[in-house]
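The structure under discussion appears below in the form of structure tokens.
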Amino acid sequence: MALTSEQEWILVGCGLIAHADEILDIGEWDEVLRYVGSALSEQDQMIWMEILSRQEQLERRFNDLPPLTDEAKQEDVLRRCWQMALADGTGSDVEATVHDRIARRLNVDLDRVAQLRELWTQQAHLRAELTVGLAAMFVNLDGHLDFHEAIHFDNLLERLPIPVGRRVELSELLHKPPTLDSLVERLLTLDLAERVKALHSLVPILRASRRGGRERELYFELSRRVLGSQAEVEQLLGGS
């Protein structure tokens with residue numbers, strides 16, 4: 001399946017952001033892999049993984065990208081690229097400079113882009129903190145915390161866009177999780193895309209659970225309350 005112009009912009013832009021600080025963080029690479037896997041056939045995935053791993057190839061692709069004039073698509077490209085910058089917790093000045101470079105190619109006003117970055121950063125950090133709260137609630141569902149559940153919780157905490165100092169504070173939620181109602185109320189203040197990302201982040205914990213269907217039932221309840229559509233919930237859960 002051929003990529004749309006918007007998808008190609010997203011892949012190339014995310015690749016440039018991932019290479020910006022010359023250190024390809026595991027969270028950043030996971031973000032690229034997730035998008036590549038959802039947009040490309042297996043054969044095309046191999047081709048793009050080669051391109052994404054080499055900055056000089058990305059630069060050539062970037063220079064050859066076709067114009068993208070739809071404002072909504074331009075904003076979506078920039079949003080996804082900034083999510084890449086946030087994959088390791090906070091967007092750096094170097095990543096913001098690369099992000100501005102992508103915005104200039106798209107002919108988007110840089111003052112507007114700076115405002116959007118601030119909004120997206122706030123939303124991503126809030127979504128990540130709520131995801132941690134949800135994970136703590138799920139692993140404590142029966143009042144007993146298993147070792148393997150604690151490991152999955154720690155792994156999730158490491159992969160979310162949370163500043164390092166804040167991660168230590170949030171780790172305490174593992175022993176004192178928030179309530180479902182309080183989490184739902186705060187999740188509903190987020191954009192739909194951020195709510196979906198929060199729920200998607202919980203799927204590995206559900207798949208690793210040894211409690212049978214209890215988490216799945218709670219996950220469906222949570223998903224219906226924050227997404228609404230049963231079809232969306234089932235698609236999100238997939239094979240878990």
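Okay, here's what the table says:
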| quantity | calculated |
| --- | --- |
| Label zone at Gln55 (point 7 Å along Cα-to-Cβ), backbone N below 16 Å, segment 71-109 | 85, 92-102 |
| Cβ-placed point charges (K, R +1; D, E -1), dipole of segment 133-213 about Cα centre in debye, nearest 20 | 180 debye |
| Extension gain from Asp191 to Leu110, taking 0.36 nm per residue of separation minus the Cα-Cα distance | 26.9 nm |
| Assigned charges on the beta-carbon of Lys, Arg, Asp, Glu; segment 87-144 dipole about Cα centre (debye) | 260 debye |
| Check: segment 45-141 dipole with +1 on Lys, Arg Cβ and -1 on Asp, Glu Cβ, in debye | 160 debye |
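Readers should treat all values here as calculations from the given coordinates under stated rules, not as data from a laboratory. Just so it is clear, the structure is predicted and the values come from calculations on it, not from any experiment. Note that we place each Cβ from the backbone using ideal geometry, even for glycine, and neighbour counts take in every protein chain shown.
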